[in-house]
Structures are given as C-alpha cells and as structure tokens.
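Accompanying notes for the structure given below.
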Amino acid sequence: MKLKDDVNREDLEPVMISALEHYSYCPRQCALIHLEQIFDENIYTLRGNIAHERVDQATSRNEDDIQVERGLPLWSHRLGLTGRADVVEFPGNVPYPVEYKQGKRRDWEYEAIQLCAQALCLEEMLGIAVPQGAIYYCSSRVRREITFDTPLREMVTKMTGAVRILLKSSYMPSAVNDQRCNKCSLIESCLPNVVVQSDRWKFYRSHLFTVEEESITGE
Ligand code: SF4
C-alpha cells in the first residue's frame, strides 16, 4: 500500500545525480548543461570521458571474491534522484560506491556530494546502510575514501531541492567569473567575462542616473 507521502515523493521531478556536482561547482554551469543542454568538451572532460570508458559499460562480475557492479542504474524516490554509479563493490553485503575521476587526487567537496547522493540511492534501493565509498583518481591511481556523515547527507538533500527549484524556474544564475572558470568546459559558451561586464554596466548606468539626479536636485 502506498502512503500519500510516498505518492507525492514519486511525483517529484527527477534530478540527475550529476547535476548536483555541476551545481555545487557552479550553479550557472548546472543551468547551462541541464536547462540549455550545452555540453562542450575541453581537455578535462575528454580525460574524464576516457576515465569513464570502462565503467560506463554495465557489467556484473566477481573480482578477487568481491562482487563488482559497473554502470549500475540508481534512483531515489525519497529525494527524486536518478543516475548511474561507475562502480559498486560488495565486500560482504555492504555496498561500496566508487566514482572514477580524471586527474590527480584532490579534496573537492562537489565530488563527495555526488558520491554521497549515489550512496543515498543505494540505501533506498537495497534497504541497507552505506557508510562509506571512494573517489578513484585515474592519474594518481589512488582512492580518496569518503564517509557519508550527517552534514554531507544533509547537503545532498538541500542541494537536490535547490537544483530542482533552479531547473523548474529556468533561471540562469550569474557567472562566478573566478578561478573555477579556467577549468570549465563551458567557458566559450558561458563567456563569464562578458556576462560580468554587462552586470557591471547595469550597475554603472543605475549609479550614473543617481548622480545626474543628485546634481539636478543639488543634493
Ligand atoms: S565558465 Fe565559469 S561561470 Fe561559466 S559555467 Fe563555467 S564555472 Fe560557471
């Protein structure tokens, strides 16, 4: 029997798990990809594609006595999330998601948010607690283990809501125009400099009007 609340939650517009990573990196990037369907390639995304080539193929096999699922579809009715896990290992009965990333090891929070969203999906799908997972950095060939603590779980819930509101509103957030843009594949489509300049012009124009008014009224 479905409870009323379950019905409402299943009606939630699904949000892609990847959108959470995009949003936490830059809300404008999230809107460009998920609202305007813009996805440009740069050296970072190309490397990322290569990193994902193997794990994109859905397979299920036993490796060194550990069950390993690749390209596993994920969903959460509770949060309204959908996506795929690169790899889920089952050492024993506890699922352990592993997300593949290009480049060297780093401590980016956005990647931890994406992985935690996968864990929340697995918990709902399998009815089992998923306390930890890892991000594998292909260049360094190391894993960064992530513990899915309460603040991280709350962040995923909050961010899922924020992304859903953004996608429903069709609002295009302002460009961040900082060091994040240097590694962003959308820089040519986004033109963060131009957007920020146009915002500046609006500011100058409104101030010019104020100055003119002040000089007329002598205030
Ligand atoms: S170029 Fe900068 S502002 Fe534009 S989407 Fe990328 S990170 Fe965001």
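This table checks each residue for (1) at pLDDT 65 or above; (2) more than 17 Å from the chain's Cα centre (by Cα); (3) hydrophobic (A, V, I, L, M, F, W, C).
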{"position": "28", "(1), (2), (3)": "yes, no, no"}
{"position": "31", "(1), (2), (3)": "yes, no, yes"}
{"position": "36", "(1), (2), (3)": "yes, no, no"}
{"position": "42", "(1), (2), (3)": "no, yes, no"}
{"position": "45", "(1), (2), (3)": "no, no, no"}
{"position": "49", "(1), (2), (3)": "no, no, no"}
{"position": "62", "(1), (2), (3)": "yes, yes, no"}
{"position": "70", "(1), (2), (3)": "yes, yes, no"}
{"position": "74", "(1), (2), (3)": "yes, no, yes"}
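Of the residues 195, 156, 211, only one is modelled with pLDDT under 90, more than 13 Å from the ligand (Cβ to nearest atom) and of a type outside the set (Ser, Thr, Tyr); which?
Exactly one residue qualifies, and that residue is 211.
Going by the structure shown, is residue 119 out of contact with any Leu (no Cβ under 8 Å at 6 or more places or on another chain), at pLDDT 95 or above and under 23 Å from residue 153 (Cα atoms)? Talk me through it step by step, then tell me what you get.
Working: out of contact with any Leu (no Cβ under 8 Å at 6 or more places or on another chain): yes; at pLDDT 95 or above: yes; under 23 Å from residue 153 (Cα atoms): yes.
Yes: the conditions hold for residue 119.
For segment 91-98, does any single residue satisfy the condition of being farther than 19 Å from residue 159 by Cα, surrounded by 15 or more Cβ atoms within 10 Å (Cβ to Cβ) and more than 18 Å from the chain's Cα centre (by Cα)?
yes
Working only within segment 178-187, note down all residues that are modelled with pLDDT under 90 and either within 7 Å of the ligand (Cβ to nearest atom) or of a type in the set (Gly, Ala, Ser) (or both). Full working, then the answer.
Residues of segment 178-187 modelled with pLDDT under 90: 183, 185.
Scanning segment 178-187 gives a single hit, 185.
For residue 188, only one of the following conditions fails: (1) in the same structural domain as residue 114 (by TED's automatic domain parsing); (2) surrounded by fewer than 11 Cβ atoms within 10 Å (Cβ to Cβ). What is its number?
Going through (1) in the same structural domain as residue 114 (by TED's automatic domain parsing); (2) surrounded by fewer than 11 Cβ atoms within 10 Å (Cβ to Cβ) one by one, residue 188 breaks only (1).
Please verify whether segment 147-158 includes one or more residues that are more than 16 Å from residue 38 (Cβ to Cβ), assigned to a loop (DSSP other than H, G, I, E, B) and either of a type in the set (D, E, K, R) or in contact (Cβ under 8 Å) with a residue 12 or more places away in the chain (or both).
yes
The values are calculated or read from the model by the stated rules, or taken from the named source; none is laboratory data. For clarity, every value in this text was computed on a predicted model and none was experimentally measured. Cβ atoms come from the backbone with ideal geometry, glycine included; neighbour counts cover every protein chain shown.
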